[in-house]
Amino acid sequence: MQQRLFSAAKPTGELHLGNYLGALKNWVALQSQYECIYAIADYHALTVEIDPKELEQNTINLACDLLALGIDPKKSIFFRQSDVPEHTELSWIFACLTPVSELTRMTQYKDLVQEKKGNANAGLLTYPVLQAADILLYRATHVPVGEDQLQHLELSRIIARKFNNRYGDFFPEVNPVLSETVRVMSLDNPEGKMSKSHGAKSYIALRDKPDVITQKIGKAVTDSNHNETSLSGGHNLLTLFKYFGSAERYQYFEQAFKLKKISYAELKKELTEALISFLEPVQKRQAYYDAHHDEVRTILREGAVRARGIAQENSALIRKRIGLGPRS
Ligand code: ADP
């Protein structure tokens with residue numbers, strides 16, 4: 001029997017190449033190795049202030065994008081998190097097992113508290129508890145993670161152990177699936193990562209049209225000192241070329257970069273072409289799903305039925321263990 005893998009994406013804005021190389025490319029590939037359960041994490045999206053109309057729009061757009069990238073509802077369970085309310089129920093049960101100190105020491109939480117100058121909502125604190133519930137509700141054994149999520153995954157393991165110690169073995173050990181991790185840097189400030197929160201100039205969105213891609217790559221920051229650290233704009237463009245350009249041309253540019261003879265104009269031109277041709281078929285499929293929202297909603301609904309099947313079964317077993325018993 002295949003091992004079960006869980007992952008989720010937040011519908012908080014448009015997807016970019018950082019999301020693709022850092023996470024979603026792996027999602028597609030992992031479908032042939034695991035029994036995959038992929039969620040659109042709309043409960044998680046509520047930790048940021050988000051307009052209801054925008055949340056609705058982001059959710060359907062993200063579903064279209066993921067299907068366009070190759071998430072296959074015949075192979076994987078693909079659904080919307082809030083269609084399975086057992087996620088939040090288990091999150092409450094887990095919150096009662098989690099020491100507050102474990103949550104306040106999370107790096108991501110500490111960064112957010114600083115960013116929000118003390119105005120962070122409680123959802124940001126308990127976010128990793130909901131993540132633990134997302135994974136463990138399905139008794140998943142594998143989670144694909146970038147390095148930024150390793151700490152949260154460790155917390156899921158701690159919570160599972162606490163539950164098992166108190167109520168008897170139930171949850172499996174969760175293991176990270178560490179694929180080749182690519183950290184894509186921002187195009188306009190390569191010291192930060194390519195991110196929605198750094199604005200549209202920092203990223204190439206999966207929905208960017210050829211003229212926008214040409215403009216953004218044209219304006220991308222490069223450097224004259226050819227420094228090989230990942231914080232160099234030139235190196236970042238080279239990294240992007242590695243994943244989207246031809247191997248032969250990558251070798252040529254990499255060699256020229258090492259010899260400090262690279263022409264960034266040439267690299268930018270070929271990178272632009274490579275990105276446009278990679279995104280063209282993806283955008284064609286996006287356009288198809290954009291025009292067929294009913295079909296996408298049906299896919300999500302059918303996914304939710306399958307997810308609820310597993311969730312309700314596990315939830316009943318969990319309720320029994322902790323003394324809540326069956327729902328009357
Ligand atoms: P954003 O920073 O744009 O808000 P998220 O934090 O929602 O993106 O990230 C979603 C997923 O995409 C995470 O798994 C994260 O590791 C990955 N990811 C985001 N930005 C990058 C990046 N610049 N390089 C590599 N992976 C990234």
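The values are calculated or read from the model by the stated rules, or taken from the named source; none is laboratory data. Since we're looking at a predicted model, the values are computed, not measured. Cβ coordinates were reconstructed from backbone atoms using ideal geometry, including for glycine residues, and neighbour counts include every protein chain displayed.
Kindly check whether there is at least one residue in the range 94-116 that is within 16 Å of the ligand (Cβ to nearest atom), in a helix (DSSP H, G or I), surrounded by fewer than 21 Cβ atoms within 10 Å (Cβ to Cβ) and of a type in the set (Ser, Thr, Tyr). Looking for residues that are within 16 Å of the ligand (Cβ to nearest atom), in a helix (DSSP H, G or I), surrounded by fewer than 21 Cβ atoms within 10 Å (Cβ to Cβ) and of a type in the set (Ser, Thr, Tyr), one finds at least one in the range 94-116, hence yes. Taking (1) free of Cβ contacts under 8 Å to residues at least 12 places away in the same chain; (2) over 30 Å from residue 58 (Cβ atoms) in turn, residue 260 satisfies each apart from (1). Each residue in the range 178-209 was checked for being of a type in the set (Val, Ile, Thr) and more than 9 Å from the ligand (Cβ to nearest atom), and 1 of them qualify. Taken over the range 284-328, the criterion of being closer than 29 Å to residue 244 by Cα, outside any loop (DSSP other than H, G, I, E, B) and either of a type in the set (Gly, Ala, Ser) or touching a Lys or Arg at 6+ places or on another chain (Cβ under 7 Å) (or both) is satisfied by 286, 287. Residue 127 falls short on exactly one of the conditions (1) in a helix (DSSP H, G or I); (2) in contact (Cβ under 8 Å) with a residue 60 or more places away in the chain; (3) more than 12 Å from the ligand (Cβ to nearest atom), and that condition is (3). When every residue of the range 173-180 is checked against the conditions, none turns out to be modelled with pLDDT of 95 or more and farther than 30 Å from residue 141 by Cα. Selection of the range 1-28 for residues being within 6 Å of the ligand (Cβ to nearest atom), under 19 Å from residue 131 (Cβ atoms) and either aliphatic (A, V, I, L, M) or in contact with a Phe, Trp or Tyr (Cβ under 8 Å, 6 or more places away or on another chain) (or both) yields only 23.
Somewhere in the range 152-164, is a residue modelled with pLDDT under 90, part of a helix (DSSP H, G or I), assigned by TED's automatic domain parsing to the domain that holds residue 311 and within 11 Å of the ligand (Cβ to nearest atom)?
Of the range 152-164, the ones modelled with pLDDT under 90 are none.
Within the range 152-164, not a single residue is modelled with pLDDT under 90, part of a helix (DSSP H, G or I), assigned by TED's automatic domain parsing to the domain that holds residue 311 and within 11 Å of the ligand (Cβ to nearest atom).
Of all residues in the range 167-193, those satisfying the criterion of being under 24 Å from residue 133 (Cβ atoms), assigned to a loop (DSSP other than H, G, I, E, B) and more than 17 Å from the chain's Cα centre (by Cα) are 168, 169, 170, 171, 172, 173, 174.
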